[in-house]
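The next block holds one structure in the form of structure tokens; read it before the comments.
The values are calculated or read from the model by the stated rules, or taken from the named source; none is laboratory data. As the structure is a prediction and not an experimental result, all values here were calculated from the model. Backbone-built Cβ (ideal geometry, glycine too); neighbour counts: all protein chains shown.
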There are 2 protein chains.
Amino acid sequence: MEPTLQHIRDAAARIAPYIHRTPVLTCATLDHMAGTRLFFKCENLQKVGAFKMRGAANAVAQLDPKAAAHGVATHSSGNHGAALALAARLMGISAYVVMPNNAAAIKKQAVAGYGAEITWCEPTIASRDEFLSAVVQRTGATVIHPYNNERIIAGQGTAALELLDEIDALDVLITPVGGGGLISGSAIAAKSLNPKIRIIGVEPEGADDARRSLAAGALVLPMSPASIADGLLAPLGDKTFAIIRSYVDDIVAVSESAIAHAMRTVWERMKIIIEPSSAVTVAAILEGKVDVAGRRCGIILSGGNVDLDRLPWGQ
Amino acid sequence: MEPTLQHIRDAAARIAPYIHRTPVLTCATLDHMAGTRLFFKCENLQKVGAFKMRGAANAVAQLDPKAAAHGVATHSSGNHGAALALAARLMGISAYVVMPNNAAAIKKQAVAGYGAEITWCEPTIASRDEFLSAVVQRTGATVIHPYNNERIIAGQGTAALELLDEIDALDVLITPVGGGGLISGSAIAAKSLNPKIRIIGVEPEGADDARRSLAAGALVLPMSPASIADGLLAPLGDKTFAIIRSYVDDIVAVSESAIAHAMRTVWERMKIIIEPSSAVTVAAILEGKVDVAGRRCGIILSGGNVDLDRLPWGQ
């Protein structure tokens, strides 16, 4: 069943002990560049450095005691794996994460550091699914999908709930789009509170399946998605796509150079670290892909997990 | 006259329209490393990227109309110059900044971008003073010293006021020490609100004149100060030293490698950009130079102005 505003409110109460209420920052220089007022919800400052902690905490907290005793499992080389690992640890249950054996060292460390048991697979979908099935067979763990899951979607919606609670009269809300969990939850929260708000999603040009799907009216799978915004390569799920069709006004795509430029601009002017997947929203504004002039604009900065030894600008 | 808590409270009300109320962030990983709870007052997220905006706004706002008509002047290649320029612009008056002709391009851009008139001098104290005198002769501007000034000190104290207002029962407050404006204002605010709080200053080993001065009981000038913490090279002033002697419990010094390591740790774990001058406080904790175990500890992260093309770790 599609999550409602009430599910998102319930999620907010449920996860409060496990997450940060992240700050909303503003920046006069970026306002000047955009020709309007921008309000940045800083999920890069969330626990594990990404909004994913919200959905993971909401899903783990709702397991019944019997299921919880067997733990949770997922395949993710990114922020969801780390978030599920931390949420499980905070609630005293086991987490099993299947990761490709070519995952970046920093991601391995994060997941291992939060106490999850890692199972290595080959970097293929077939191997990943095979190893996840084996983990579930062995442990009885509950698989928590990173985005195509109502509890995850409701949890991700709590960031927008906090943003709209704190900032009045937003005209537009912009979020990145990967698998669609963040924008789905955000759109339900924001449109339920203010039906006039426009919801805009942003993707990299190299992984623009959500834009194509919305245009086609049917789920289009990405062909060889590629981008420095490595959190946005996943395809939409059927649940997130259905919500996007109902609630999202537009999806736009931005270039790789615009992403790198926007990321650096935020680092330099706002003094916060955002990952490329977060920078797509700012890139869309700076490139003029969304018309925000004169409109009060909320932006969800989704995460800040970056390998500081591999920055997307010349050193 | 030495500023009092009331001066700092008045400053807070006076500068509120011109500054950000910066967030206080926490980080479970750093808490774990430190063996206690740490509360980071994020002045790196302040306007112009540094606490200096507080003092500058407080000083500019108190000029009488006749003096304001002639503008303000300073010599500063760093955050004070940018802060004075922005404070002046926001209040509709002129700012004149004398800068050495070898200042980093990013610093020139900041000061010029905030609308100040820059006068270039040779990178010597004699040239700097000569050019500043000439500017004052020509314009009638009021010179605003970066730290040895009661109104600047009171303004800088407002960050600690906000921190103690937001976080209960701090046992220790740690700040960097350069010219002493930040620690002076912070110490007056914090000790006035809670006489039992310990105030600890941190310097780079290569510019440890405050530590030496406190030990000697007399102002010791730094000999060829050098550090990547380029905001902490200035000598104490007589006013800041007098306050430090009265209110500060200890001053410790940290190594260059500890500063770079602490800076990177904060970037990686907290997802915020701090400059080396801010990282000295975290370095002191991670190096064990201050005993914080089990003590609730406030830290003022003083600024976030970093040249992203010159990071103090290998690329």
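A few remarks follow.
- Condition broken by residue B:188, with the remaining ones in (1) touching a Ser or Thr at 6+ places or on another chain (Cβ under 6 Å); (2) assigned to a helix (DSSP H, G or I); (3) of a type in the set (Val, Ile, Thr) satisfied: (1)
- Hey, residue A:163 in contact with a strand residue (DSSP E or B) (Cβ under 9 Å, 6 or more places away or on another chain), not in a loop (DSSP other than H, G, I, E, B) and not assigned by TED's automatic domain parsing to the domain that holds residue A:195 or not: no
- Checklist (1) crowded, with 22+ Cβ neighbours inside 10 Å; (2) assigned to a loop (DSSP other than H, G, I, E, B) applied to residue A:92, failing item: (1)
- Residues considered: A:264, A:198, A:212. Of these, the only one that is surrounded by fewer than 24 Cβ atoms within 10 Å (Cβ to Cβ) and touching a strand residue (DSSP E or B) at 6+ places or on another chain (Cβ under 8 Å) is A:198.
- Condition check for residue A:259: buried (at least 21 other Cβ atoms within 10 Å of the Cβ), in a helix (DSSP H, G or I) and modelled with pLDDT of 95 or more: yes
- Filtering the stretch A:293-312 to residues that are more than 14 Å from chain B (Cβ to nearest Cβ) and modelled with pLDDT of 95 or more leaves A:295, A:296, A:297, A:298, A:299, A:300.
- Any hit, the stretch B:275-290, residues being part of a loop (DSSP other than H, G, I, E, B), more than 8 Å from every other protein chain (Cβ to nearest Cβ) and either out of contact with any strand residue (DSSP E or B) (no Cβ under 8 Å at 6 or more places or on another chain) or closer than 19 Å to residue A:310 by Cα (or both): yes
- Taken over the stretch B:267-315, residues that are surrounded by fewer than 19 Cβ atoms within 10 Å (Cβ to Cβ) and among the aromatic types (Phe, Trp, Tyr) amount to 1.
- Every residue from the stretch A:98-149 that is assigned to a strand (DSSP E or B), in contact (Cβ under 8 Å) with a residue 40 or more places away in the chain and farther than 20 Å from residue A:230 by Cβ: A:142, A:143
- Members of the stretch A:13-46 found to be more than 11 Å from chain B (Cβ to nearest Cβ) and among the acidic types (Asp, Glu), listed by number: A:31
- For residue B:49, the conditions (1) away from chain A (no Cβ under 14 Å); (2) of a type in the set (Gly, Ala, Ser); (3) within 17 Å of the chain's Cα centre (by Cα) are fulfilled apart from (1).
- Qualifying residue in the stretch A:225-247 (condition: under 20 Å from the mean Cα position of the chain (by Cα), more than 28 Å from residue A:125 (Cβ to Cβ) and not in a loop (DSSP other than H, G, I, E, B)): yes
- Residue A:267, sole failed condition from (1) among the aromatic types (Phe, Trp, Tyr); (2) farther than 28 Å from residue B:264 by Cα; (3) within 14 Å of chain B (Cβ to nearest Cβ): (2)
- The residues on offer are A:240, A:281, and the sole one that is in the same structural domain as residue A:44 (by TED's automatic domain parsing), among the polar types (S, T, N, Q) and more than 18 Å from residue A:228 (Cα to Cα) is A:240.
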